[in-house]
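Chemist: Take a look at the following structure, please.
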Amino acid sequence: AIPKDPGSDATPSIDVLERSNQRLMEQQTEHFKSKIKEKNKELLHVDYKILRLQLELNKCASEIRSLVGTRLDMQKEVDSNHIWISSARLLPVDIIILILQYAIVR
């Protein structure tokens, strides 16, 4: 609650202050300055949490990129090994040439 002037019944309430240009009493001003300082500390704490999580996300993203690159290399190796066991390798070269010529013409 907003502190009120102990010697006055004329201290404006928050409702009155919101709808007017009345100046705050010194005690009220200090109250709001204190609340602002407290909230700024809380904001700073939240900012640090956000920064810490962002750094963790960046580290994870970097690790994911590295793993994707590793996986692609492994997949290329698997694919190249499939060539060696492919039944197409058993076809005579002249038949492969005919198949390719036919595919190019079409």
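Chemist: Where is the GNM fluctuation largest for the chain (alpha-carbon springs, 10 angstrom cutoff): 24, 44, 55?
Modeler: Result for the chain, Cα springs under 10 Å: 24 fluctuates most.
Chemist: Spin-label point model (7 Å from Cα, Cβ direction): what's the residue 44 to residue 79 distance in nm?
Modeler: Going from the residue 44 label point to the residue 79 one covers 5.4 nm.
Chemist: In region 52-86, whose amide N lies under 15 Å from the spot 7 Å out along Cα-to-Cβ of residue 96? List them in ranges.
Modeler: 80-86
Chemist: Any idea of the accessible area per residue across the chain, 1.4 Å probe, to the nearest Å²?
Modeler: 93
Chemist: Could you derive backbone 3J(HN,Hα) for region 79-84 from the dihedral phi with the Karplus parameters 6.51, -1.76 and 1.60 (θ = phi - 60°), listing whole Hz in sequence and x where the residue is Gly or Pro?
Modeler: For region 79-84, the Karplus-derived couplings read 4, 5, 6, 5, 4, 5 Hz, x marking Gly and Pro.
Chemist: Looking at (i) 99; (ii) 213; (iii) 227, which value of volume of the Cα convex hull per residue in Å³ comes from a calculation on the structure shown?
Modeler: Checked against the structure: label (iii).
The values are calculated or read from the model by the stated rules, or taken from the named source; none is laboratory data. Predicted model only: the values in this text are computed from it and were never measured. Cβ coordinates were reconstructed from backbone atoms using ideal geometry, including for glycine residues, and neighbour counts include every protein chain displayed. Surface areas here come from the heavy atoms of the whole protein model, side chains and all, with no ligands, DNA or RNA. Shrake-Rupley method; radii C 1.70, N 1.55, O 1.52, S 1.80 Å.
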